[in-house]
Each structure stands twice: as C-alpha cells, then as structure tokens.
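Enquirer: Take a look at this one; I'll ask things after.
Read-outs throughout are calculated quantities, based only on the coordinates presented, and are distinct from any laboratory measurement. From a predicted model like this one, the values you see are computed outputs, not experimental measurements. Note that we place each Cβ from the backbone using ideal geometry, even for glycine, and neighbour counts take in every protein chain shown.
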Amino acid sequence: MTTDNTHPRPPALVVDDLRVRFDYPRPAVSGISLHVDRGEILALVGESGSGKTITAQAAIGLLPTAAHASGSVRVDGVEVLDASEAQLRSLRGDRVAMVFQEPQTALNPSQTVGWQLRQALRAHRRVSRAQARRRAVELLTLVEIDEPDVRVDQYPHQLSGGQKQRVVIALALANDPVLLLADEPTTALDVSVQQEILGLLRRLRDHTSAGILLITHNLGVVADIADRVVVVQLGEVVESGDVHEIFAHPTQPYTRQLLAAVPRLPDGLDGAAPGNSVPAGTDDRPVLAVENLTVTHPGRFGAAPRTALDDVSFTVRRGEVVGVVGESGSGKTTLGRAIGGLVPARAGRILIDGDSIATLPRGQLRAIRRKLAFVPQDPSASLDPRFTVAESIREPLEIQDIGTRTERDARVADLLSAVALPRPFADRLPHELSGGQRQRVALARALSADPELLIADEPTSALDVSVQARVLDLFADLQEEFGFAAIFISHDLAVVERVADRVVVLRGGRVVETGDARTVLTTPTDPYTRALVEAVPYPDPVVQRRRHAVAGVSHAS
C-alpha cells in the first residue's frame, strides 16, 4: 500500500498522559501514554484494576459518567476526550470499533446476523437494503465464516462460540475503522477456536491495515500476535517495548512476575520427559469409577435428543487429580454434573466408594453426596451475596448437620487459615473481596464437610494470570494437606498439565485419549489431542512464531 508522504496519516491511536479518576483515593489511570500505528498490534497487559479497560473506554468515548478524565486521546488524529456526543457517535464504528470479550452478550439474540450488520452499516452511511445485505455477506466472508450467504439470515443462537466471535469482529469492521479495540477477545473460547480467531486478527491486520489495541492478561496470546507490548500496573505504565525484547529481557519486577506466573506446556518442539503414572500419595482404591456412562439431553421444540456423553469410562484413585479437557460441547461439564447426581444417566454406572449412585436409597444417597463437593467457575455467582465469608463456609456443615456450633466455628477458622485468608475476613461479604479471595472462599466452602472427591469446573479461568498461579498453588497445597481426590475440568491445557496426575480427553462426548497428564499433553497419540496441544499459544514469541513457521503460517508485521 502506498502512502502520500506530503500528507502522512496520523497513528490509529495516540494516548498522551491519560489520567482518569473516580471518587476514590487512588486514580484508575495515572498518566498512561501509548500509541498504536496503522497495521500494528499493540498488547496492553496487566491485572484487573490496572487500567486496561478504562484506557480502551477512553479511546472510544465510553468512560462512565462518574469518571473525570484529563490528558489527550486521539483516534486517527481526532481528539476524543473533549468531543461532543454527536462527534463521538460519528467516531464510533467509523474510525474506532470494539471487539468484546463475550460475543453472547454483544449480539442481539432476537435479530438475525444480517440485520445487526445492516444496522451497523446504516449508522454511518446511506445504503439500500440490497446493498447492505451484499456488504453483510462480504463482511462475513472477510471474517472467514463458512456459508456466509446462509449465516447472514441466522440468529446468534444458531452459531457456535467461534462463529459468534467472528460476527462480532465483522460488526467492528463494518465501516472500515482505522482502530480496533479488542478487549480479551479470546478469553471465553477453546484453545482451537482461539487459535483460529488469533490467525483471523493477524490476517485482518494485514488486509485492512487497521491498528489493533489488544487488551489481555493471556501472555500466550501476546506472544502469538503482538508487535509491541505495554505493561500497566495500578494505572501506570511500568514497561513497554518490542514483544521479543519484553519477553526475553523484562526490566521491571512486575513484568517478570507476570511472565513467571504463566502456566505453560513444555515446548513440544523440544520434547518433554514423561511424568509419573502413579502420583505419590495415592492408592489403587478408586474413590470414583465411571463405567460406560451415556447421558442424553432431551430434544427441544421437536429436535431429536442429543447424546452428551457416549460410553465414557475412567477411574479416580484416592488422592489423585484427574484433568478433563476438551472443546465446548465435548461433555466436560455434563460429566461433572452426572457424577454429582445432577444429570441422570441413560446407560452405564457411576460408583463412589463402590456404591452406584443410581441405585442407592435416598438416605444412603444423601450420605454419598457428603463425599462430593463442587468448586464453581465463578464464585461471584455461587456465593450468596447476603452471607458473610464465615456463613458461606459454615453452610454445608449446617445443611448436613455436622458438628456442634462450636465445632463448626472452629472448622471455619481452620479453613480460613488453610486458604490463607486472615481471620477478620470471616465477617466480610463477597462484594468486599477480590476475585482471587472469592475463589479461596469457594475452595474453603467446598472443603468444609471434608469431601473425598472435589469436582472443580474451570475454577481459575476468570482469574488474572498471577492470581491464577496463586490459586493453583493453593489448590495443590490443599490437596496435599487434606488428601482429597479431584476432577479438574478445564479448557486450559497448561493449567491441567500443572495440577493433574492423569488426564481424560473428551471429544463429542467420547473419550479419545487418557493417561499420564505430562505424557498426554506433551506427546499425544490421538490427532484430536495433538491438535488441541498445538493450538495452545506458548508464552514466548520466539517459540510461538517458530511454531507458525513449522505450520507454514504467515506472520507479516
């Protein structure tokens, strides 16, 4: 693409000494400066509360009304901070657009994909219905959706998660903006779909020459597609530079801390030693045996029933952690719910300590369920907002009538100490805690009745990388101290490799591979498992781009 040197185009985004404060003692943003050139991907990295999203909101003119902003934010040379509402409406979607983290909430469920794309087009230009439809199909083709002329007439619920994210990107590209703000665009996606979306963003950058501000806490994603990196902490820039330099020679302790906290699979190009098939602290007695389990979900609105699990078999020994991995729709969550007795089995058996949960009388089933506990993905949704921390931890003991009031209080105090929360936290409510602290409370609550088997469903997926690392360390410490067995369900293979002794790989409700976690996740034998492993971005730009080279993927910058 040629450039008119007499009238050079301004950068896609220039942020100069941005300061944003609310009615709190500490500003949300304290003097952040950065720029995004056209055709460049800049990663903005930091933990929750670092000011990443506030910076993006300032760039699109969507700061909350209570925010007080100063400094300068220019998109394609146009100042945003002091722009009128009419100027901002003209700017949004035309020069700057946003790709949201969760496509399910970004799309209107009651309107077709084509209707939503037409609305985006008509917001900035006069086009006929036929022209708008043609452009909608062109946009769906651009984001590489299969059968775009069919998808344009479908509703969001008829699309997969990856297809919905592609539609969100198509909406952002509708009016050829110079700047895309991508706020955690792959966090909610499986690793294979994430790989597809990252490749799409690379190709779109090359095709449209738009600048991309990528907001993420996933350093594997940063290593995969970013050209430069800006690291922020508590609203301030602590380090910035070329992606290779930041990863190879970080100068600031905070950057080194973030990089050290990232769970990573051993580099498959270099090989990896197999792990131990029998972890220390286990015995051969299974606390759980799943035998030929089949679960079928009934069809709705005349649709045929769907088989969620098909002839699944595996065991969990005492003191053992078994990871369950697979893409969305593979049956991971259904498996956990079936083991907990929340989903009926059509065929097969689930045995806990040798007893089948399907044939036990109600009284004995209640006793069996005391041996199980769940750790949810989002503790904010699972903890009662009216209960204090102590009441949340104590509640399972009261429901199951375990111990006296004095013994229950002592158990709460012991568990608070075990999950490294200070005693005064017992009187706090969930909204007074950070995400990591709420997850610690969820772990303490799950362990209150001393279960034999813990079922953890994506327990760290919503956490920042450093908080995730601390929670995973805590999980390992608690598992060693209390000796419980665990099923650890996750789509993050690096996390599973870190905590699990063995792994079960599900695809379409069937087990395609199982074995020692280190062996399966570094030298898989099944093509599906191999594809999942190869899709995990490695948090090192040299290694990750070497993988692209081996796979024949272009990485022009």
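Enquirer: With θ set to phi - 60° and the Karplus curve 6.51 cos²θ - 1.76 cosθ + 1.60, what are the ³J(HN,Hα) couplings of the range 485-500 in order, to the nearest whole Hz, using x for Gly and Pro?
Expert: 8, 8, 10, 10, 8, 6, 9, 8, 5, 5, 5, 4, 4, 6, 9, 8
Enquirer: Moving to a separate point now. Take every DSSP beta bridge whose two residues both sit in the chain, then give the antiparallel share in percent to the nearest 5. Present the calculation step by step, with values, prior to reporting the outcome.
Expert: Numbers: 42 of 78 bridges.
Percent antiparallel among DSSP bridges in the chain is about 55.
Enquirer: Same structure, new question: Once phi is turned into ³J(HN,Hα) by the Karplus curve 6.51 cos²θ - 1.76 cosθ + 1.60 with θ = phi - 60°, what whole-Hz value does each residue of the range 155-160 show in order, with x for glycine and proline?
Expert: Residue by residue, the range 155-160 yields 9, x, 5, 8, 10, 6 Hz.
Enquirer: Once phi is turned into ³J(HN,Hα) by the Karplus curve 6.51 cos²θ - 1.76 cosθ + 1.60 with θ = phi - 60°, what whole-Hz value does each residue of the range 222-228 show in order, with x for glycine and proline?
Expert: 4, 4, 6, 10, 6, 8, 10
Enquirer: Could I ask something else about it? Calculate, axis by axis, the spread of Cα positions in the range 1-100 along the three principal axes, and write the results as whole Å, longest axis first.
Expert: In descending order, the Cα extents are 49, 31, 25 Å.
Enquirer: Quick check: the distance between the Cα centres of the range 294-354 and the range 197-251, to the nearest angstrom?
Expert: So the two Cα centres are separated by 39 Å.
Enquirer: Amide H of residue 347: which non-local residues (sequence gap of 5 or more, or other chain) have their own amide H closer than 5 Å, using H built in the peptide plane?
Expert: 294
Enquirer: Let me check I've understood the local charge: for residue 364, count other residues with C-beta under 12 angstrom from its C-beta, Lys and Arg +1, Asp and Glu -1. What total comes out? Can you show the working numbers first?
Expert: Numbers: positive: 362, 366, 369, 370, 371; negative: 353, 355.
Result for the neighbourhood of residue 364: +3.
Enquirer: Which value, in debye to the nearest 20, describes the size of the charge dipole of the chain about its Cα centre when Lys and Arg Cβ atoms bear +1, Asp and Glu Cβ atoms bear -1, and nothing else is charged? Provide the component values of the computation, followed by the final result.
Expert: Working: 61 positive and 70 negative charges, 314 e Å.
The dipole of the chain has a size of about 1500 debye.
Enquirer: Towards the positive end of the charge dipole of the range 387-450, with charges on Cβ (+1 Lys, Arg; -1 Asp, Glu), say which of 406, 448, 420 has the farthest Cα.
Expert: 420
Enquirer: So, one more: Using the count of nearby Cβ atoms within 10 Å as a rough guide to exposure, how do 107, 335, 429 rank from fewest to most? Intermediate values should be presented prior to the final figure.
Expert: On the way: 107 21, 335 29, 429 15.
Sorted ascending by nearby Cβ count, the order is 429, 107, 335.
Enquirer: Next question. Considering every pair of different Cα atoms, what Kirkwood radius, in Å, is found for the chain? Don't skip to the end; give the middle numbers.
Expert: Working: mean 1/r = 0.0392 Å⁻¹.
Computed over Cα pairs of the chain, the Kirkwood hydrodynamic radius comes out at 25.5 Å.
Enquirer: Right, something else. In what sequence do 528, 538, 24 fall when counting other Cβ within 10 Å, fewest first? Present the calculation step by step, with values, prior to reporting the outcome.
Expert: On the way: 528 18, 538 23, 24 7.
With the fewest neighbours first, 528, 538, 24 line up as 24, 528, 538.
Enquirer: Another question about this same structure. For the range 18-164, divide the Cα radius of gyration by the Kirkwood radius and give the resulting Rg/Rh value with two decimals. Before the final figure, lay out the partial values.
Expert: Working: Rg = 17.9 Å, Rh = 17.6 Å.
Answer for the range 18-164: 1.02.
Enquirer: With the dipole of the range 30-131 worked out from charges on the C-beta (+1 for Lys and Arg, -1 for Asp and Glu) around the Cα centre, which of 60, 31, 121 lies farthest toward the positive end?
Expert: Of 60, 31, 121, it is 121.
Enquirer: What 222 nm value per residue comes from the helices of the chain, counting each DSSP H run with n ≥ 4 as -39,500 (n - 2.57) and dividing by all residues, nearest 500 deg cm²/dmol? Intermediate values should be presented prior to the final figure.
Expert: Details: 22 runs with 209 residues, N = 557.
Helices in the chain give a 222 nm mean residue ellipticity of -11000 deg cm²/dmol.
Enquirer: With all distinct Cα pairs included, what does the Kirkwood hydrodynamic radius of the range 409-557 come out to in Å, to one decimal, could you say? Let's see the in-between values first.
Expert: Values: mean 1/r = 0.0568 Å⁻¹.
Radius from the Kirkwood sum: 17.6 Å.
Enquirer: With no solvent and one point on each alpha carbon, what is the Debye value of log10 I(q)/I(0) for the range 104-176 at q = 0.18, 0.28 Å⁻¹?
Expert: Cα-only, vacuum Debye calculation for the range 104-176: -0.58, -1.46.
Enquirer: Related question: Which of the lysines could a cross-linker span from residue 371 if the Cα-Cα distance has to be under 21 Å and same-chain partners fewer than 8 positions apart are dropped?
Expert: Partners within reach: 332.
Enquirer: Cβ under 10 Å from residue 429's Cβ, residue 429 left aside: what net charge do those residues give with Lys, Arg +1 and Asp, Glu -1? Can you show the working numbers first?
Expert: Working: positive: 386, 428; negative: 384, 391, 427, 432.
Every neighbour counted, the sum reads -2.
Enquirer: Using a ≥ b ≥ c from the Cα gyration tensor of the range 387-450 (square roots of the eigenvalues), is it rounded, prolate or oblate, where a/c under 1.5 gives rounded and otherwise the larger of a/b and b/c decides, a/b for prolate? Write down the numbers at each step before the final one.
Expert: On the way: a/c = 1.75, a/b = 1.71, b/c = 1.03.
Taking the square roots of the gyration eigenvalues as a ≥ b ≥ c, the range 387-450 is prolate.
Enquirer: In what order do 313, 110 fall by count of nearby beta-carbon atoms within 10 Å, going from fewest to most? Please report the intermediate quantities before stating the final value.
Expert: On the way: 313 14, 110 8.
Starting with the residue having the fewest Cβ neighbours, the order is 110, 313.
Enquirer: Just to confirm a number: summing +1 for Lys and Arg and -1 for Asp and Glu over residues other than residue 511 whose beta-carbon lies under 11 angstrom from that of residue 511, what do you get? Walk me through the intermediate numbers first.
Expert: Working: positive: 507, 510; negative: 310, 311, 513, 526.
Within the 11 Å Cβ shell, the charges total -2.
Enquirer: Starting from the coordinates of the alpha-carbon atoms of the range 296-435, obtain the Kirkwood hydrodynamic radius over all distinct pairs and give the value in Å to one decimal.
Expert: On the way: mean 1/r = 0.0552 Å⁻¹.
So the Kirkwood estimate lands at 18.1 Å.
Enquirer: Treating cross-link reach as a plain straight distance, find the lysines whose alpha-carbon is under 25 Å from the alpha-carbon of residue 52, omitting any fewer than eight places away in the same chain.
Expert: Output for residue 52: 164.
Enquirer: Same structure, new question: What residues qualify as long-range amide H neighbours of residue 458, i.e. H under 5 Å apart, gap of 5 or more or another chain, H built at 1.01 Å from N?
Expert: Residues meeting the amide H criterion: 489, 490.
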